[in-house]
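The values are calculated or read from the model by the stated rules, or taken from the named source; none is laboratory data. Every value quoted in this text rests on a predicted model; they were computed, and no experiment measured them. As a convention, Cβ positions derive from the backbone with ideal geometry for all residues, glycine included, and neighbour counts pool all protein chains shown. Heavy atoms of the whole protein, side chains included, go into the accessibility calculation; ligands, DNA and RNA do not. Shrake-Rupley method; radii C 1.70, N 1.55, O 1.52, S 1.80 Å.
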Amino acid sequence: MSSKPIGRKRLHAEVATRLNTAPKTQPHLTSLSKVEIAMRKNAPDLAGASQRELLDAQKRRTAHEHARWPRPRLLALCLIGAVGILEPNLALRLGLWGVVLFLVGAIATGPERARDTTLWLGRRFMWLWRVEVSLCKRILGRVQSRLGPSIRKSAGTW
């Protein structure tokens, strides 16, 4: 029975020393978490950033837009389409040469490998030009929507 009061005294002494040595206030966190850093970078106006951070984000967006435009690949795609429309013989020749090269490749390496290579090249083309192809589709869709219904029927569906 005498051990209980001694144990309590020891516990009270430990609590007192811990309370005396513990910091009085919680330390203020000055560093930002990774999520807050990403939000300040991508959407500073929503993350409560300062005016300086908003100006920096606007400069980054402007520099990114200037780096993206003009799009040389979009221009090349439009030129390929224009050449195909204005010079159909040239486009037909290029298409025939493509078929001939495919057949030569199929004879040299086998039809499966030629097919797989052609599919890989098509996927690679679509991966590299995905933005430009979607822009061309949107432009053609807008042109088609502006054409009258009678012209659309005579032109066929795209």
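Protection proxy ranking for 89-98, 110-119, using the average of other Cβ atoms within 10 Å per residue and placing the highest first: 110-119, 89-98. Ligands, DNA and RNA left out, the 1.4 Å accessible surface of segment 73-151 is 71% carbon and sulfur atoms. The length gained on full extension between Asn20 and Val131, counted as 0.36 nm times the residue separation minus their Cα-Cα distance, comes to 33.6 nm. Across segment 31-131 the C-alpha pair distances fall into 10 Å bins from zero in the proportions 12, 22, 21, 16, 13, 13, 2 percent.
Pair-distance distribution P(r) for segment 73-151, from all Cα-Cα distances in 5 Å bins starting at 0: 3, 13, 13, 18, 19, 15, 10, 5, 3, 1, 0 percent. Between Arg8 and Leu119, the contour length at 0.36 nm per residue exceeds the alpha carbon distance by 32.0 nm.
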